[in-house]
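The values are calculated or read from the model by the stated rules, or taken from the named source; none is laboratory data. What you see is a predicted model, and the numbers here were worked out from it, not measured in a lab. No Cβ is skipped: glycine too gets one built from the backbone with ideal geometry, and neighbour counts run over all protein chains shown. Note: accessible area is taken over every heavy atom of the protein model, side chains too, but ligands, DNA and RNA are not part of it. Shrake-Rupley method; radii C 1.70, N 1.55, O 1.52, S 1.80 Å.
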Amino acid sequence: RALKNFEGGLLIVGTTQAGKGVMLNFIMTQAILRGDAVIFIDPKGSDRMYKAFCRACEKADRGKPLRFHPGNRSKTDGIRFDVTAVFSTGAQIATRVMSVVPGEDNVFKQFAWSCIKTFADAMIELGEKPSLKSLSQNINKGIEDLLRALILQAVKQHADTDWREQAEYFLPARRENCTDAIHELNVLVSWYENVLPTYLHTMVVGECLKIFHHSKEHYSKITATLMPIFAMLTSGPLEESLSPDPSDASDKRPIWDMESLVKCKGVLYVNLDSLSDSMIASAVGSMLLSDLTAYAGKRYNLGLNDVRISLYVDEASNVINQPLIELLNKGAEGGVYTTIAIQTVPDLAHRLGSVHAARMVLGNCNNLIALRCKDRETQDFVTETFGKTYIHNVDTTLSTHADTHLGMPSFKGGASHKRTAVREEIIPSEYLGKLPNAQFFASLGGGHLMKGRVPVIIDDEEN
Ligand SMILES: Nc1ncnc2c1ncn2[C@@H]1O[C@H](COP(=O)(O)OP(=O)(O)OP(=O)(O)O)[C@@H](O)[C@H]1O
Ligand SMILES: [Mg+2]
C-alpha cells in the first residue's frame, strides 16, 4: 500500500546541501533492491551517487549499472543511447525533438513540429529509420529528394507506361533556367497531382507536397531556426552517443534504447554533467524524458504493466519539460513512477516561464518531501501543502481574595478555564528553514503527514 502512494509522483524540495542527494540515494537504493527498471537523470553528475548506484546494484545482484554520459568522447566507456529508436509515427519523433525547445507553444513551434513530422514520416515510408543525424541532414537538403523517392515508389506501383507524357501534358512549358533534375521532379509531381487517381494518394506524400509548394523563403526561415536545435543535438560527441551508428566498429560502447532498457529491467545512470553547456545538457535530458514518455504511452496502449519503472530526476528545474510533466501526471498508468528533486519553487518557475505553470506542476505531485528550505516562496508552497490545523490553547486562572478590615476575615476564591483554538499552519515556515541536514517533513498519499530523518547510506570504503 505504501508503494501505491507514490503513483502520483514524488517531489523533493530542499536548499543546497539539505540532503536531496541523500534522500534520492535512499529511495533509489530501495528501487534497485526491489528489482525495478531504474533511470536516474543527474544534471549535476555526482560521483557519490554513481557509486551508490553501483553498490545498490551489487547488493541486489544486478550486475554493473549502465552509465550514459553523452558528452564523453571516449569510445569504450559507458553506453550509446538511441533516442529515436522507440516510435510509431513521425509525430512522436517531432514531439521529441521539439521538446528540447523550452517555453510556451507558439505558431513557430507548431510549424517546425509539422515540418519535422513530415520529414520523419517520409523517411519511415521509405524504410529509413530517422535518427537525429539523418533527420537533420534531410531537413537541411530540403524535401525534394524524399519527395522524388516517394513519388517514384508510387510510379512503380501504379503508373502506365506512358505516364511521362500524361504528366507533361499538364505542365506549363519548360523554362530555360530549369535544370533536368528540377524538371524531372516537376514531371513527377504533376503526374502525382494530375494523373494518379486521388484514392491512391497518401497522407505522407500530401504533406511533403505541402512543403514542396510552400513559400521557399518561409520554409528556409523555419529551417534556419531549426538547424541550431539539430546542431546542438548532433554535434561533437553527441553525434555518436545520441544517433549511434551500429556499423561503426571503432565505437565499442553498446547501443541501448528505451524499450530494451525497460524490457531488461536495466539500471541506467545518466550523467549530464560532462556536457560542456547547460543548454545542451538540458536538451539531452529533455530528449530522454520525452523518449520515456512516448514509450510509457506505448506500454499503456499495449496494456503492459509487468515492469515498474522508477524515474529519478535530480535538479529537475534544469530539464523539466512537457513530457516530464505528463509523466508526473499520468506516468503511473504506463508503469513509470517519477521522483523529482528541486531546490526552490522560483527555479522551477524560471524554467517553465511563470509561477503559475510551476505551481501547476507542483500541485500535480501527490507526495511531497520537504527538506530544509530557505526561501519564502518555497516555504509558502510547503506550508500550504501541509495545510492548517487547530492549535488549542487553555488559559487557567485561579484567584483568592482575603478581606480583613471588618475584623471578620472573609475569603473568596475562584477558578476559571478558558479554552480557545486558533487555526494555524501545521508546520510554521520558520521551522522549515531550520531543519538540520537530511531531516524532513513529508506529506504522502495526499494527507498522511510525517516528520523524519533519512538514514545516510555510508560507503564501506568511506569508513
Ligand atoms: N554517503 C554520505 N555519507 C556521509 N555524508 C553524506 C553522504 N551523502 C551526503 N552526505 C552529506 O549530506 C549533506 C547533504 O548532501 P546532498 O548531496 O544530499 O545535498 P543536496 O541536497 O543534494 O545538495 P545540492 O543541491 O548541492 O546537490 C552534505 O553535507 C553531504 O556531505
Ligand atoms: Mg544534489
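Rounded to the nearest Å, what's the spacing between the alpha carbon centres of region 150-221 and region 300-331? Just the number, please.
Result: 43 Å between the Cα centres.
Heavy atoms only, 1.4 Å probe, whole protein assembly: order W113, W163, W191, W256 by accessible area, highest first.
Sorted descending by solvent-accessible area, the residues read W113, W256, W163, W191.
Rolling a 1.4 Å sphere over the protein heavy atoms, what is the accessible area per residue of region 261-306, to the nearest Å²?
Here the per-residue accessible area is 40 Å².
In debye, nearest 20: dipole of the chain around its Cα centre with unit charges on the Cβ of K, R (+) and D, E (-)?
1620 debye
Any idea of the accessible area per residue across region 1-65, 1.4 Å probe, to the nearest Å²?
Roughly 45 Å² per residue, with all protein chains present.
Take the Cα atoms of region 90-234, build their convex hull, and give its volume per residue in Å³.
Roughly 121 Å³ of hull volume per residue.
Please give, to one decimal in nm, the separation of the simple spin-label points placed at I426 and S88, each 7 Å out from Cα toward the Cβ.
Once both label points are built, they end up 4.1 nm from each other.
Pop out the carbon and sulfur fraction of the accessible area of region 124-182 as a percent, whole number, probe 1.4 Å.
Summing carbon and sulfur atoms, their accessible area is 48 percent of the total for region 124-182.
Quick one: work out Rg over Rh on the C-alpha atoms of region 1-52, Rh as Kirkwood radius.
0.96
For the cross-link pairs K75/K210; K51/K263; K44/K221; K221/K330; K20/K64; K117/K298, which exceed 30 Å when the distance is taken from alpha carbon to alpha carbon?
As for pairs spanning more than 30 Å Cα to Cα, those are K75/K210; K44/K221; K221/K330.
What FRET efficiency comes out for Q153 versus T179 if R0 is 25 angstrom and r is the Cβ-Cβ distance? Round to the nearest 0.05.
0.65
Name the GluC sites (Glu not before Pro) in region 1-108 that are in a loop by DSSP and that have at most 14 other C-beta atoms within 10 Å, would you?
Those that pass, being in a loop and sparsely packed, are E104.
Report ³J(HN,Hα) in whole Hz for each residue of region 385-395, in order, from the Karplus equation J = 6.51 cos²θ - 1.76 cosθ + 1.60 where θ = phi - 60°; Gly and Pro get x.
5, 6, x, 10, 8, 7, 9, 8, 9, 10, 9
Provide the FRET efficiency to the nearest 0.05 for the K374-M279 pair, computing r from the beta carbons and using R0 = 25 Å.
My answer for the efficiency is 0.40.
What is the magnitude of the charge dipole of region 90-234 about its Cα centre, with +1 placed on the Cβ of each Lys and Arg, -1 on the Cβ of each Asp and Glu, and no other charges, expressed in debye to the nearest 20?
The calculation lands at about 520 debye.
Divide by every residue of the chain the summed helix terms, -39500 (n - 2.57) for each DSSP H run of at least 4, and state the resulting mean residue ellipticity at 222 nm, rounded to the nearest 500 deg cm²/dmol.
-13500 deg cm²/dmol
Can you tell me the convex hull volume per residue for the chain, based on C-alpha atoms, in Å³ to the nearest whole number?
Enclosed volume per residue, from the Cα hull, is 220 Å³.
Would you mind getting the accessible area per residue of region 90-234, heavy atoms of the protein chains only, 1.4 Å probe, in Å²?
It amounts to 53 Å² per residue over region 90-234.
Would you mind telling me the antiparallel percentage of the DSSP bridges in the chain, rounded to 5?
For the chain, the DSSP antiparallel bridge percentage is about 45.
Write down the radius of gyration of region 362-429 and its Dmax, each obtained from C-alpha positions, in Å.
Rg, Dmax (Cα atoms, Å): 24.0, 77.
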